[in-house]
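The structure under discussion appears below in the form of C-alpha cells.
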Amino acid sequence: MIVRLTPRASRDQIVGPHGDALAVKVTAPPVDGRANLALRRLIAKAIGIPLRRVELARGAKGRAKVLLLRGLAAAEAAKRLT
C-alpha cells in the first residue's frame, strides 16, 4: 500500500485517495520515527489488524511511504479503508 503522509496535522485522519496513493495525516512530528509509528497505528486500527502486521517497507524519511500489510490482500485492505 502506498501512502502520502502529512505529519504535524491538527488530527489523525485518513483523508482519501491522492493519485495512486492514500493520503493520511497524523499529529506526530517527523522526529525519531514518531510520525511513522503514528501512521502504522492509524492504519492498523482502521483496518482492524494488530500493529505488528503493519510494516514500513520503504520511505522512512520521506512523505511517500510503502506499507506492507502482513496476511491481508490489497483488495481487502482497500475495502476496509473505504
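Structure notes:
- For region 47-64, 3J(HN,Hα) per residue [Karplus equation, 6.51 cos²θ - 1.76 cosθ + 1.60, θ = phi - 60°, Hz, x = Gly/Pro]: 7, x, 10, x, 4, 5, 8, 10, 10, 8, 7, 8, x, 4, 10, x, 7, 7
- For R80 and Q13, the difference between the fully extended length at 0.36 nm per residue and the C-alpha to C-alpha distance is 22.7 nm.
- Given their separation in residues at 0.36 nm each and the Cα-Cα distance between them, A21 and A46 gain 7.4 nm when the chain is fully extended.
- Pairwise label distance in nanometres, A73 with K61, each label 7 Å out on the Cα-Cβ vector: 3.8
- Scalar couplings 3J(HN,Hα) for region 13-25, obtained by applying the Karplus form with A = 6.51, B = -1.76, C = 1.60 to θ = phi - 60°, are 7, 9, 7, x, x, 9, x, 9, 10, 9, 7, 9, 10 Hz; x denotes Gly and Pro.
- Over 22 Å [Cα-Cα, the chain], rounded percent: 13
- Candidate cross-link partners of K65 among the aspartates and glutamates, defined by an alpha-carbon separation under 14 Å and a same-chain spacing of 8 or more, comprise D20, E55.
- Here is how the number arises for the chain: DSSP H runs of 4 or more residues each give -39500 (n - 2.57), the sum is divided by the residue count, and the result at 222 nm is -8000 deg cm²/dmol.
No value in this document is a laboratory result; all are computed from the given coordinates. Since this is a predicted model, take the numbers as computed values, not measurements. Please note: Cβ atoms are built from the backbone with ideal geometry, for glycine as well, and neighbour counts cover all protein chains shown.
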